[in-house]
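Derivation of every value follows stated rules applied to the coordinates shown; laboratory data play no part. Please read all numbers here as calculations on a predicted model, not as lab measurements. Note that we place each Cβ from the backbone using ideal geometry, even for glycine, and neighbour counts take in every protein chain shown.
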């Protein structure tokens, strides 16, 4: 077979039987290349197809695809669960981002009874009444509190040191919790006696020779409190004194108290307390006596020289024009005919909240409504239409506790005193408007009660527009009057029974 050399172009006979041959001209071996070309030019041989094998391969692909889908579904579910937990954790963390972290627990060292506390034998203590002469010419020093501050480290011991050279001192120690009083004095200080009191039997340790008396005087850690007034009254009963010269009071008394000088003169240290002032603005008003006749009063006290008439009890009013008395009777409300004394209960409608703990009643002269305040439940205002003789409506006070209520004709609103010691203003329809806490601002008011354990006492409210009188009554008499100026937000004590009243403007 004649072929052409691919390298040099020489033609020569090629033996197809031989696996390879060389060009006689250039010696190139090209037969394998020609064979490969022929093989490439020939159509490929088709292998026989096995239907069973093809079906098997298709099933494998199906199962693989199915397994992949299942794995994807499981992975998606797991990721969704993790995402949900992460979102919930984030919400919790965000809700607590303003919460202050807990303080670490502190572990103070143990106090060794004998070594660190320096325990001494207790001083002899007498339960007899101390002689009244002990306070004559002596400075009365009071140290009082609920407990000892350093009891976690120092135990219940409180050291009291008196340094008043050339002075005589009557020392009064009072507490609620048991305290070991360790009393000392400078060499030139004369301690006449030590009075000690406490809920648990107290203990006094002192090198002084002064007698120690156990009394029942109350403790007080504030001068502006009814408990301090009770302490002063107890001292007056024992010694006839109406003031103390120094007061060191705290809820938790420090480990060491030093008294080396008296306190500056102040009304808080006296039994009389704050004295009334001349009111900045004049204000006259009327109060009802026991017959519901009107009695003239002013911020400085009763008008005129005649003794003030006994006042009507709180929770009862005489409605002008109607002529009947509307009054609270325990947990009920009733009408009284003055001429005959006939009493008619006023039952609430069935769809009204039950009347519980009614506190005060007033008359809305513009709308001719008797308005009743109560504490029961969340507190309610009930309005009774006098002309129609029926209950008109009620309104929730949303847990605002009203102790005293009065209608203000000038401002067409209500003014009320709350159990939290605040002045509450309500619109003519009874809607609460705003409140102002005055208890801590009224001079001498906190001395009327135990500020740490009881609620502020009731004050009667007499409103006249921006001028408001607040009256403290006891029984059928007025004990104190404060003036409150609404736009100036100013308070004054203007009247105090058995005290020099402020000059009238």
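In units of the compact-protein estimate 2.2 N^0.38 Å, segment 125-269 shows a Cα radius of gyration of 0.94. Considering all different alpha carbon pairs of segment 407-505, the Kirkwood hydrodynamic radius works out to 14.2 Å.
How do 325, 481 rank when sorted from fewest to most other Cβ atoms within 10 Å of their own Cβ?
On the way: 325 17, 481 30.
Neighbour counts put them in this order, fewest first: 325, 481.
Relative intensity of segment 304-346 on a log10 scale, I(q)/I(0) at q = 0.33, 0.35 Å⁻¹, equals -1.20, -1.25, per a Debye sum over C-alpha point scatterers of equal strength in the absence of solvent. Our estimate of slack between residue 440 and residue 351, defined as 0.36 nm per intervening residue step minus the Cα-Cα distance, is 28.1 nm.
Spacing of the modelled spin labels on residue 237 and residue 261, each 7 Å from Cα toward Cβ, amounts to 3.5 nm.
Here the relative contact order of segment 330-489, from alpha carbon pairs under 8 Å that lie six or more residues apart, stands at 12 percent. Counting beta carbons within 10 Å around each of 274, 378, 334 and listing the fewest first gives the order 378, 334, 274. How large is log10 of I(q)/I(0) for segment 284-496 at q = 0.11, 0.13 Å⁻¹ when the intensity is taken from the Debye formula with one equal scatterer per alpha-carbon? Values, matching the q order: -0.52, -0.73.
Counting other Cβ atoms within 10 Å as a rough exposure proxy, the listed residues 297, 357 run 357, 297 from fewest neighbours to most.
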